[in-house]
1. Could you work out the local net charge near LEU96, counting Lys and Arg as +1, Asp and Glu as -1, over the other residues with Cβ closer than 13 Å to its Cβ?
2. Any idea how far apart ARG174 and LYS116 come out in nm if each label point goes 7 Å out from Cα toward Cβ?
3. Between GLU47 and ALA97, what is the label-to-label distance in nm when each label sits 7 Å out along the Cα-to-Cβ direction?
4. If I model a spin label as a point 7 Å beyond the Cα along the Cα-Cβ vector, how far apart are those points for HIS108 and ASP372 in nm?
5. Assuming 0.36 nm per residue, please report the length gained on full extension of the stretch ASP321 to PHE338 beyond their Cα-Cα distance.
Amino acid sequence: GGLAQLGRSSPASDQESRPDALNQALIAASCCNYAVMYRETVAGASEAPCASDCLSNSPQLGFDTTAKFLGEQICADLEDGLLSLGNQSRQRSLLLAERYGWDAEEGHRIWCFGPKDGCGLNAFLDFSSSPIEPEANIGVGAWPAVEAACRWTVTEGALCEEPMRGIRFGLALRAARGRSARVKDEDSEGKQSLAWPRADTDEMATQQQTWRRRLAASARQALLAAQVSPGAWPTLQEPMVQADFVLHAADTSSLSSHVAALREVLSERRGASLGLGWDEWDSLGDLDSLQPRWAPLRLTAELPALEAIGLETLLNGLLTDMSGGKTSAKQLRVQTTFARWGTLPGRLGKDDPDSTYLQNTILAIRDWRQLDARLPESADFLGGAKLIDDDEEDF
């Protein structure tokens, strides 16, 4: 949904003389002019954890985070409402292990999962040495802060601030590595304790609130860094639509040329026929010698939503030109419906010629949002936690 029915400003005849790279850049730039939403995801798995520390107040904590692809099947089941994890940890673990091949222990370590927890089609797992419980001493402060960071992160990804989809994050909560020497909160064995300092004063309540904000910011930075870390292969997913074509022709002599023109336009717009109607057409062969066929020809194809914008106007103009302008009526109608999410080809961070379109799309969206005109890296998000504005929602 959310696809604007707008036409392109560049006719196909103008694109024929342009180099492929320029065509890709123009198409990528046009994504910001229409209501086409992308999704950020990853195609691999982080090679090493990304670390971020929160050093402002006691307890001083840090995060080690990783990112990997969640899996298209589990995303599709979540979208269709076929996956219900329930509230029982054992039931959840068995379901994820049997249906999606998860490790049995991982089902017990879910921090946030799916739309029910407000994090979209993503999962956050607690890989701390001892899983953090919400009712535990440190969990009373850390759990709501980390949950807020998870929900915040999935709404604005690291690549170009598009929503995330299909990413499984692992978070390990630990004591900060760069602790201040003035912190003296130690347990009976002499190690720094992660226990939350209890107090009922207004001053301590304010300090706790500030600590939660900083902890949430630190967690978000670590998650964003993991998304673009080496090995994760961050990328974009675009909406794919199913296009149903209804082609009217006054005589069969024009059908062959019209279908050929339609195939050519679909190829230029990264489309592919689905076989519905195309197989029947191919089996009929040359219809020039047959009697006029008054029934409309119905064909089905799949193409990116961006490429479907203005397609009907373009094709009807092309068919009118092919008929010598003898008819002004619409010879072809196009109806589009959302089909699935498709991953853009190519991998960032390596010399991959197939990633040109992906890079152009990311840079065009970043430019539209007035972000730095370069691809982000993990180091961009690991400069220390920033304090969230006081007027933002409390955790």
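We did not get these values from a lab; they are worked out from the coordinates using the rules stated. What you see is a predicted model, and the numbers here were worked out from it, not measured in a lab. We place every Cβ from the backbone using ideal geometry, glycine too, and count neighbours over all the protein chains shown.
1. Values: positive: ARG90, ARG92, ARG99, ARG109, ARG168; negative: ASP77, GLU98, ASP103, GLU105, GLU106.
Net charge in that neighbourhood comes out at 0.
2. About 3.2 nm separates the two model spin labels.
3. 3.3
4. Placing both labels 7 Å beyond Cα along the Cβ direction yields 4.2 nm.
5. Numbers: separation 17, 0.36 × 17 = 6.12 nm, distance 3.02 nm.
Value of the extension gain: 3.1 nm.
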